[in-house]
Every structure is written in C-alpha cells, then in structure tokens.
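Visitor: Sharing a structure here in structure tokens format.
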Amino acid sequence: MSKLIWRDAREHAADVLSNYWDGITLPVPVAQISEKIGVTPLKAFLPDGLSGMIIKRPNEAARSYAEASESETRRRFTFAHELGHYVERVDVSNDNDFSFVDGRFPGRYNLHEFYADEFAGALLMPERQFMRMLEHGDSLIDIAARFGVSLDAARKRKERLEKNPPDSQVGEHA
Ligand SMILES: [Zn+2]
C-alpha cells in the first residue's frame, strides 16, 4: 500500500465526485452516490456500540449500515466512511469478499480506517468548496451546516487540509 494513503484517499474521493456528483449540490448526496457505485446504504439499529458497517460477499451487492439512533450528519459520515472501505477494497485491492465493523468510539485505528476517514472527509467536503468557505472566513459552524457534517468532522477536515495542503492547481480542468 502506498505510503501516501491520504493522497490516494483524496484522489479516489475526487474521482467519485467527478463521476457521480454534479459539482454543485450541497450537501453532497452521499446515499445516492453510494447506491450508484453499488453499495446500498441502509439505516439500522446495530448491535451495541456500533455506528456503522459494510458487508460485501462474492456475487452479492455490497450493503452499508449506519446506526439509526445517531444524527443524520453522523450517518452521512458513516455512509461515506463505509463507501471509502468499499473503494479501497474493491477498486484498489480487487477484493470481493470483506466486511468492516466500525465502533461508535475510535478503537483500533489502522490504515484502512485512516483511508476511510480521509476519503469520507474529502467526499463530503469537496476541497475547492471547503477551502473557498475557509478563505472567505466562514465559521466552522456555517461550514458544517453547508456540508451536512458534524462540527467535529468539519474541524477534522480543516486540520487535515492544514497538515497536508492540497496540491496547488495541478490537474485541475480549465
Ligand atoms: Zn471503518
């Protein structure tokens, strides 16, 4: 696996956005996008302590689950995170049989989880739109509301973009 996982995750999220998003609609319609890619997003009451999971079996469509008792913003992030697992497994590693289970509180944090979180942040908070609001001086509260994410997710995205700033304008279409 590449050492620059965050870069892979962001690039793959950008690929998904350019193929499945109109570039305008906010919040990004993550459930629709997930469905189009082949992961059916489902709201469910999950076993204690879980906030999300994804199951993919050979010859079956993938299903992702987000905990029904959590807020809409949390579920949106969960669906984006699970979609990140799917993209990483199916697209990047050509794996056809896998599952991930995500707890409500961060537990073991490994490269798969790092990838899925970075992917989710980049998918739900498209870089250009996010940076534009930041540069405009909008508050994180306004930003979180605009992108349909929790304040915590918006703060984390800001930190991640500060730690690993986006490449200038390279590769951007005219
Ligand atoms: Zn996960």
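Visitor: Considering only DSSP beta bridges whose two residues both sit in the chain, what percent are antiparallel, to the nearest 5?
Guide: If we restrict to bridges inside the chain, about 60 percent are antiparallel.
Visitor: How compact and how long is the chain, expressed as Rg and Dmax of its alpha-carbon atoms in Å?
Guide: Reported Rg and Dmax, both Å: 15.4, 49.
Visitor: Could I ask something else about it? Around residue 41, what is the net charge, scoring Lys/Arg as +1 and Asp/Glu as -1 over all other residues with Cβ under 10 Å from its Cβ?
Guide: +2
Visitor: May I ask you to list, by number, the DSSP H helices of the chain whose Cα span along the axis is at least 27 Å and whose average Kyte-Doolittle hydropathy reaches 1.6 or more?
Guide: The qualifying helices: there are none.
Visitor: Just the number please: accessible area per residue for the chain, 1.4 Å probe, all protein chains included, in Å².
Guide: With all protein chains present, the chain gives 55 Å² per residue.
Visitor: Further, regarding this structure: State which stretch of the chain is the longest one without any exposed GluC sites (Glu not before Pro), exposure meaning a DSSP loop state and at most 13 other Cβ atoms within 10 Å.
Guide: Answer - 61-171.
Visitor: In nm, give the distance between the simple-model label positions of residue 5 and residue 162, each being 7 Å from the Cα along the Cα-to-Cβ direction.
Guide: 2.3 nm
Visitor: With θ set to phi - 60°, apply the Karplus curve 6.51 cos²θ - 1.76 cosθ + 1.60 along the stretch 57-70 and write out the HN-Hα couplings as whole Hz, x wherever there is a Gly or Pro.
Guide: 10, x, 6, 10, 5, 6, 10, 10, 10, 10, 4, 5, 7, 7
Visitor: How compact is the stretch 45-139 by the rule of thumb for globular proteins, expressed as Cα Rg over 2.2 N^0.38 Å?
Guide: 1.18
Visitor: Quick one: order 81, 112 from most to least accessible surface, probe 1.4 Å.
Guide: The most accessible residue leads, giving 112, 81.
Visitor: Compute, for residue 69, the solvent-accessible surface of its heavy atoms (probe 1.4 Å) with the complete set of protein chains present, and express it in square angstrom to the nearest 10.
Guide: 80 Å²
Visitor: Another question about this same structure. Calculate the length of the line joining the C-alpha centroid of the stretch 19-91 to that of the stretch 127-163, in whole Å.
Guide: Rounded to whole Å, the Cα centres lie 21 Å apart.
Visitor: Less than 22 Å apart at the alpha-carbon level, and either on another chain or at least 8 residues along: which lysines does that give for residue 56?
Guide: Once the sequence-local lysines are set aside, what remains near residue 56 is 36, 43.
Visitor: Count charges around residue 71 for me, please; just the other residues with Cβ under 14 Å from its Cβ, Lys/Arg as +1, Asp/Glu as -1.
Guide: +1
The values are calculated or read from the model by the stated rules, or taken from the named source; none is laboratory data. Remember, it's a predicted structure, so these values are computed and weren't measured experimentally. For neighbour counting, all protein chains shown are included, and Cβ atoms are generated from backbone atoms with ideal geometry for every residue, glycine included. SASA here: full protein model, heavy atoms, side chains in, ligands and nucleic acids out. Shrake-Rupley method; radii C 1.70, N 1.55, O 1.52, S 1.80 Å.
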